[in-house]
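This report refers to the structure that appears directly beneath it.
Bear in mind that the values in this text are calculations on the coordinates, not laboratory data. Remember, predicted model here, so these are calculated numbers, not experimental data. Because the Cβ atoms are built from the backbone with ideal geometry, glycine has one as well, and the counts that use them run over all protein chains shown.
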Amino acid sequence: MGHHAVSVVSRLARQIPSRCSRPFSSAIAHQGLEPFPMPALALTNTAMHRVINSGAEDPFFIVDLNAAIQRVALWKALLPRVTPFYAVKCNPDTMLLAALAQQDVNFDCASRAEIQTVLDLGVSSRRIIYANPCKQPSHLRFAKDVGVALTVADSEAELHKTAAVHPRADLLLRIAVDDSQAACVMSCKYGAPMSDVPRLLHIAAELGLSVRGVSFHVGSGQPSAHAFVDAVDRAAHVFALAEAGGQHALDIVDIGGGFPGVDTPQLSFRMIAAALRPALDAHFPESRGVALIAEPGRFLAAASHTLAVNVIGKKRVAQADARDDEEKEHTMLFVNDGLYGSFNCVLYDHAEPTPHVLAPAKAAATQRCSIWGPTCDGLDCITKNAELPDDLPVGAWLYFPHMGAYSSAAGSNFNGMPLPEKTYLPLDGLSSVSDAAQPAPGAAALLQELAMVA
């Protein structure tokens, strides 16, 4: 982030008051682990109005780093034995990374560039896992040169590559697990089948590689907490195989990602944690000395970003195939961000963003409508079934909460459309900056401009 952007942030921080609510640790006890206190929405709405009143017309994000910090607190409350390594690919926003670094969150990187971004914050290389199971050799060489030791492999070819390029790496063997119910499956591409594990352990030993443990990923949008438990069972079996072979002393389990950014009645983070804790305690009790880590992405990032878009067009079209009980006309709304920008998550991540009207008219009649992006591509439809006020005019503003995961990270400027700029809410108190057990000087310097004395 450039100096100019931070200066803009600082001015906004002085204008918007810090939320006056009790600390999140107190909220854990009194609110049933609610992760997103109501004052946050009021602050976000205030910020959106101020950006719009300043003359904004392009789409923009309001970023609340406090939301990510609260998710870290929730993680530590429900999975206290599991160290989170944030998946940088989910959202590499520098300020978000800085906030997480200062909360003693570590980092899951998949490329040289991601590793460099984290190192630039002053984060120690020991806090990084290079978690890409298939790495470009030059990227792996860079990891070795900067001291990133922990990495993963799931094939014989990757073991040979590692032996040639980074022979002193600490390896985790990525195994395939049952992710068949997930919205985004991972085992179709990565993960060694259990039947191949003994052979890979033997090859690693012959190559003189140090296999330290096991990693897996149950898939994104995983609807079942049992999938995590089943994967832990498989990891325990790999430990048993390694112990029987006598070639590797395993002491790390990486339970991957797949944790929801937004809870649903069917599955919440609390449900997953309640299933995981006894499974981890049974197979890997503290007395065994096994380090437990994970790679959450959307869980930490989703609530941190709210996207505001402007309605730039509207038209009514006939519905030739409408049933007798349906409206004969349909409203199409056009907004200035779409699938080629921040809403790429609809295509790549199976997201279903929910639109809200900023400052809606009271008691306005609603209608079903579709929302389209600004590009000249018929594919660019954000949703075909939204419920919005019938009299919503061109020039109105919509906002979409929980847009921090897999949105801005993959946006493009297709058709010359601008990507949204970001405005950051102030941090709640200096403790977010100064109390890190593992200091990252660059991260602290960035956050200092956002910090406000409570």
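Some values worked out for this structure:
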{"quantity": "FRET efficiency for ASP145 and SER210, using Cβ-Cβ distance with R0 set to 25 Å, rounded to 0.05", "calculated": "0.85"}
{"quantity": "Degrees separating the helix 39-53 axis from the principal Cα axis of the chain, which is the longest one", "calculated": "60"}
{"quantity": "Virtual spin-label span in nm between ASP377 and GLN266, 7 Å along Cα→Cβ", "calculated": "2.8"}
{"quantity": "Pair ALA437, ALA291: separation of 7 Å Cα→Cβ label points (nm)", "calculated": "1.3"}
{"quantity": "Backbone HN-Hα couplings from phi across the stretch 375-386 [Karplus 6.51/-1.76/1.60, Hz, Gly and Pro as x]", "calculated": "7, 8, 10, x, 6, 7, 10, 6, 7, 9, 8, 10"}
{"quantity": "With Cα atoms, 0 to 90° folded angle of helix 269-283 axis to the chain main axis", "calculated": "0"}
{"quantity": "At R0 = 51 Å, FRET efficiency that the Cβ-Cβ distance of ALA244 and GLU421 yields, to 0.05", "calculated": "0.35"}
{"quantity": "Contour minus Cα-Cα distance for ALA282 and VAL394 (0.36 nm per residue)", "calculated": "34.5 nm"}
{"quantity": "Taking TYR340, TYR348, TYR86 and counting other C-beta atoms within 10 Å, the order from fewest to most", "calculated": "TYR348, TYR340, TYR86"}
{"quantity": "Between the stretch 170-249 and the stretch 292-313, the Cα center-to-center distance that results, in Å", "calculated": "29"}
{"quantity": "Distance from the stretch 334-405 to the stretch 105-156 (C-alpha centre basis), Å", "calculated": "37"}
{"quantity": "Derived scalar couplings ³J(HN,Hα) [the stretch 181-197; Karplus, 6.51 cos²θ - 1.76 cosθ + 1.60; whole Hz; x for Gly, Pro]", "calculated": "9, 6, 5, 10, 7, 10, 6, 5, 10, 10, x, 7, x, 4, 5, 9, 4"}
{"quantity": "Ranked MET417, MET194, criterion: other C-beta atoms within 10 Å, fewest first", "calculated": "MET194, MET417"}
{"quantity": "Given (1) 25.5; (2) 23.7; (3) 20.3, the label whose value is mean projected area of the Cα convex hull in nm² derived from this model", "calculated": "(2)"}
{"quantity": "Cα-centre dipole for the chain with unit charges at Cβ (Lys and Arg positive, Asp and Glu negative), debye to 20", "calculated": "900"}
{"quantity": "Degrees between helix 137-146 axis and first principal axis of the chain (Cα, 0 to 90, nearest 10)", "calculated": "80"}
{"quantity": "Rounded FRET efficiency, nearest 0.05, which uses the C-beta distance separating GLU57 from ALA364 and R0 of 22 Å", "calculated": "0.40"}
{"quantity": "Top positive-direction residue, dipole computed over the chain with Cβ charges, set GLN116, PRO355, CYS381", "calculated": "GLN116"}
{"quantity": "Karplus-derived 3J(HN,Hα), 6.51/-1.76/1.60, for each residue of the stretch 345-357, Hz, glycine and proline x", "calculated": "4, 5, 7, 8, 10, 6, 6, 10, x, 10, x, 10, 8"}
